[in-house]
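Chemist: Got a structure here, written out as structure tokens. Questions coming.
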Amino acid sequence: MPRIATPHGHIGYTAAGSGPALVFLHGVGSDKRVWAEQIAHFSQRYRAIALDYPGYGESDLPANPLGRPEIAAALWAALMALQVDRPHVIGLSMGGVIALE
């Protein structure tokens, strides 16, 4: 799976499709793979992107523990590097909390 370099380390992601961006954020104890069916479905009409948080899945382990604001900043940096502006964000559990940051 691809990873993108950010000031917060490399962030793992999966992306498919084109059009308006949908960003999927996983819960605690999982990673971007939890969204595989949604990525397959929504990529038919949207640019569907699922991200791993720092320390999850294929993302780099951060040097220090991160709080919600730092996780949100890392994900936003990844989205900027992917040239995603004003995405629609879907969050599950902690992903919903991160989305509100």
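Chemist: On alpha-carbon atoms, Rg over Rh for the range 55-101 using Kirkwood Rh? Please list the in-between numbers first.
Modeler: Working: Rg = 11.0 Å, Rh = 11.5 Å.
So for the range 55-101, dividing Rg by the Kirkwood Rh gives 0.95.
Chemist: For G55, what charge total do you get from the other residues with a beta carbon under 15 Å from its beta carbon, if Lys and Arg give +1 and Asp and Glu give -1? Walk me through the numbers on the way to the answer.
Modeler: Values: positive: R3, K32, R68; negative: D31, D52, E58, D60, E70.
Neighbour charge sum, excluding G55 itself: -2.
Chemist: Of all DSSP beta bridges in the chain, what percent run antiparallel (nearest 5)? Each step should come with its number before you reach the end.
Modeler: Numbers: 8 of 17 bridges.
Of all bridge pairs located within the chain, approximately 45 percent are antiparallel.
Chemist: Take E70 and E37, extend 7 Å from each Cα along the Cα→Cβ direction, and tell me the distance between the two endpoints in nm.
Modeler: For the pair E70/E37, the computed spacing is 3.5 nm.
Chemist: Under 12 Å from the Cβ of G17, count the other residues' Cβ atoms, weight Lys and Arg +1, Asp and Glu -1, and hand me the total. Let's see the in-between values first.
Modeler: On the way: positive: R45, R47; negative: none.
Combined, the nearby Lys, Arg, Asp and Glu give +2.
Chemist: Relative contact order of the range 24-73, please, whole-number percent, based on alpha carbon pairs below 8 angstrom and at least 6 residues apart.
Modeler: Reported as a whole number, the value is 33 percent.
Chemist: May I ask for the percentage of alpha-carbon pairs in the chain that lie more than 16 Å from each other?
Modeler: Everything past 16 Å amounts to 49 percent.
Chemist: Would you work out the relative contact order for the chain, in percent, from Cα pairs under 8 angstrom that are 6 or more residues apart?
Modeler: Details: 210 pairs, mean separation 36.7, N = 101.
Result for the chain is 36 percent.
Chemist: Please give the charge dipole size of the range 3-100, origin at the Cα centre, charges +1 on K and R Cβ atoms and -1 on D and E Cβ atoms. Round to the nearest 20 debye. Mind dumping the intermediate values first?
Modeler: Working: 7 positive and 7 negative charges, 49 e Å.
For this selection, approximately 240 debye.
Chemist: For helix 68-81, report the angle its Cα long axis makes with the longest principal axis of the Cα atoms of the chain; keep it between 0 and 90° and round to the nearest 10°.
Modeler: Taking Cα atoms only, the helix is inclined about 50 degrees.
Chemist: Give me the number: length gained by fully extending V28 to L61, i.e. 0.36 nm times residue separation minus the C-alpha to C-alpha distance, one decimal in nm. Before the final figure, lay out the partial values.
Modeler: Values: separation 33, 0.36 × 33 = 11.88 nm, distance 1.50 nm.
Stretched out fully, the V28 to L61 stretch lengthens by 10.4 nm.
Bear in mind that the values in this text are calculations on the coordinates, not laboratory data. Bear in mind that the values here come from a model prediction, so they are computed numbers and not experimental data. We place every Cβ from the backbone using ideal geometry, glycine too, and count neighbours over all the protein chains shown.
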